[in-house]
1. Considering segment B:2-215, what Rg and Dmax in Å follow from its alpha-carbon atoms?
2. Taking the beta-carbon count within 10 Å as an exposure proxy, list A:His108, A:His92 from fewest neighbours to most.
3. Grab the DSSP H runs of chain A that are 4 residues or longer, score each as -39,500 (n - 2.57), total them, divide by all residues and round the 222 nm result to the nearest 500 deg cm²/dmol.
4. Using modelled amide H (1.01 Å from N, peptide plane; none on Pro or chain starts), what sits under 5 Å from the amide H of B:Thr177, excluding residues fewer than 5 places away?
5. Taking amide H atoms as placed 1.01 Å from N in the peptide plane, list the residues 5 or more away in sequence, or in a different chain, whose amide H sits under 5 Å from that of B:Ser55.
6. Describe numerically, in nm with one decimal, the distance between label points set 7 Å from Cα along Cα→Cβ at B:Asp261 and at A:Phe315.
7. Compute the signed sum of charges (Lys and Arg +1, Asp and Glu -1) over the other residues within less than 12 Å, Cβ to Cβ, of B:Thr116.
8. List the trypsin sites (Lys or Arg not before Pro) in segment A:115-179 that DSSP assigns to loop (not H, G, I, E or B) and whose Cβ has at most 16 other Cβ atoms within 10 Å. Which are they?
Amino acid sequence: MSYVWTLAEQSHGRLRDVSFELLSRGRILADKLDTKLCSLLLSSGLADETLRELIHRGADEVYMVDDPRLDKFVVETHSNVLADLVRRYKPHTILAAATSTGRTLMPHVAIKVTAGLTADCTELDIEEGTRLLLQTRPAIGGNIMATIKSPHHWPQMATVRPKSSRPLALDTTRVGNITRIAMQDVHHDARVKVLGLRPYEEGLAGIEEADVVVAGGKGMKKADNFSMLRDLAKQLGGVIGGTRDAVDRGWLSYPHQIGLSGKTISPKLYMCAGVSGSIQHLAGIKTSEYIVAINQDPDANIFQVADFGIVGNLFEVVPLINAKLEAYKKEDK
Amino acid sequence: MNIIIPIKQVPETSDVKMDKETGTMIREGVVSIINPLDLYAIEAGLLLKEQHGGSVTVCTMGPPAAAKALKEAIAMGCDEAVLFTDKRFAGADTWATSYTLAAAIKQVGAFDLIITGERATDGDTGQVGPGIAAWLNLPLATYVSRIESLNAGRIVVERLVEEGYQALDLPLPALLTVVKAVSSPRLPTLRGKKKARAYNLRTLAAVDLPVEDAKIGLKGSPTKVVKIDYPKVTRGGVMVKAVGEEGLNNAVDSLLDFLKDKKLV
């Protein structure tokens, strides 16, 4: 059928934002290819009303492989199911989010179906004439942008960096079929058992999917000082992150770490205090839409990538930002 | 408990400087090191060996110079090292790399566990670990942040996902890709360095492996790089100085104006 597929993700019965971000990417590609855009979900228990949002946000059709054994992500089973669908329906392109799920499932499936796969793309396009997917991604710590294609292998496969595109506006006039597909027993791989999920402490979940990330580095001096950054994050509706230094000193736990040995993020706003801007840290934040930095050292690397920089004592600057933001919100009401 | 740890040699990035004029990375004189994220895999393997016995074999696909990375791993305490090197392996993407490594690992010997780093700091894909698991049909846990227990032929791990730590129970043999939180890598010891110097590593070429020529190297790679751009990463933003009470006040006011202007508040 040569459609464009995007892989939706759910969490606790709700579709995750990345599902909609992928549809805005997929919509452009499907229109260029003059084909249909299908959103595919491997899960269970989601009602049609919930799935319809995928149509309202750009999908022409929704396919859901509906089975309780797909409820929790186990790569072996999900990969069997997806590879089988690929062989049966022969999509032109499959896009998944570059989440822990997408970055585990897609390479697994790419081997099974003998397809090329490009990781963590930030730009996608269709090459005129060949109709191949042009996949552009940062590499070597974001210092180069590589454009990659798979000339002879199908489907075209890519994972896409979360937050690197915005969902389309809700259009409730859009209509499309929602088809439920039964999972075949032979695809169930029972070797790996999911024992449970220990949730993160509050305010951390999904640092890669947050619109605003407020981060601290070595310049924060001690763990207690992060409370002012937590206040700032709260004011901005964001989450807390930190540099490798901040994590290695025990001021924050590892899931907060941003940079080469931690998370790569692309928020609307990245604001940091006491962060010098090592190459490794910058690798994790370069595709942020806006970067704001507060640092005492006017020569700090971070200012090279900042859209707005304040040279000053963060222990004076941050509390004043918090106070002024609070005042601004009050007068706004 | 036989553990195999595939590693990669990458350019050292910590001493990389940015060219202020062009805003790009200065790449001259950059040395090669073990992919920093592979050190966590090596340490995790060494700890498991210390607790459960067995051996740790480190391996890599790369040019002859990659022997240096393998010797460093020996110096850290790994028992054996194998280099898969052949001009015909060159230019492999993640599909062809995982195909070659899977075939080569089978050739190296019986194993209970394969541990890889989450991704390499140069290619940054994280696709080779899951790819090897797919080729060898091994149970897979990615983003492992803690190894909880290992007994009766099963391993229990925690992996980092978006909502928290997911606990998985896998039968051996299995493949884990690990993140930094899993271990604190040790430094090579003097004795280890001495051992590494004397160590003769095993080398395997394409003819030694059960691989099809059409599936290895550049020729066997579905993906092709069509263009490389060196983006300007410097943004040339506004910079204000918060000096003195008035300066501080003005600086914060202009930041608020910036945030309002960009609709961030």
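1. For segment B:2-215, the Cα radius of gyration and maximum Cα-Cα distance read 17.1, 60 Å.
2. A:His92, A:His108
3. -9000 deg cm²/dmol
4. B:Thr116, B:Ala141, B:Thr142, B:Tyr143, B:Val144
5. Placed amide hydrogens put B:Asn2, B:Ile3 under 5 Å from B:Ser55.
6. 3.1 nm
7. 0
8. Loop-located and lightly packed - A:Arg131, A:Arg174.
Throughout, read-outs are computed from the coordinates displayed, never taken from laboratory work. These numbers were taken from a predicted model, which means no experiment stands behind them. No Cβ is skipped: glycine too gets one built from the backbone with ideal geometry, and neighbour counts run over all protein chains shown.
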